[in-house]
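J.: One structure coming up, written as structure tokens, with questions to follow.
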Amino acid sequence: MSDVVISETTAADDDFVALFDRYRVHSGQPADPDSSRDWLAAATTTGPMRAFLARVGGAAAGICLVAVCPASLTLGEFWMIRDLYVEPRWRRTAPGAPGVTPARARRG
């Protein structure tokens, strides 16, 4: 199997937007790539979200969106996973299992 590469991404990445839209369809929503892109752009640039894309052999395999929340006791922040989706062909393989770890490692 090819290596899994997970990196922070934005709504400018067509593969990310397409995978996010497939996640929405998987969750019962109608396909709407344009609205998905608009929502992702707002949520990840001026909103509280950060987005990550997993690729296997260059192919988009999974996404993770986290909400950055204030943590008053530590005077810092914590990340709450809001959306986690792995394409069916990659489930029970590398992108799904370690998908949360890179987001945790990038925190701070």
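J.: Note down the nm distance, to one decimal, between modelled labels 7 Å out along Cα→Cβ at ALA31 and at ARG89.
T.: 1.6
J.: For ARG82, which sequence-distant residues (separation of 5 or more, or a different chain) have an amide H within less than 5 Å of its own amide H, given hydrogens modelled in the peptide plane?
T.: Excluding prolines and chain starts, which carry no amide H, the hits are LEU65, VAL66, ALA67.
J.: Order 64-74, 37-47, 8-18 from most to least packed using the mean count of other Cβ atoms within 10 Å.
T.: Values: 64-74: 13.7, 37-47: 15.3, 8-18: 17.1.
Answer by packing, highest mean first, reads 8-18, 37-47, 64-74.
J.: What whole-number volume per residue, in cubic angstrom, does the convex hull of the C-alpha atoms of region 4-106 give? Show your work: numbers first, answer last.
T.: Working: hull volume 10.6 nm³, N = 103.
Given the Cα convex hull of region 4-106, per-residue volume reads 102 Å³.
J.: Let me ask you something else. Tally Lys/Arg at +1 and Asp/Glu at -1 over every other residue whose Cβ is under 12 Å from the Cβ of VAL17; what's the total?
T.: -4
Every read-out reported here was derived from the displayed coordinates using simple, explicitly stated rules and does not represent laboratory data. Only a predicted model underlies this, so the values are computations on that prediction, with no experimental measurement involved. Please note: Cβ atoms are built from the backbone with ideal geometry, for glycine as well, and neighbour counts cover all protein chains shown.
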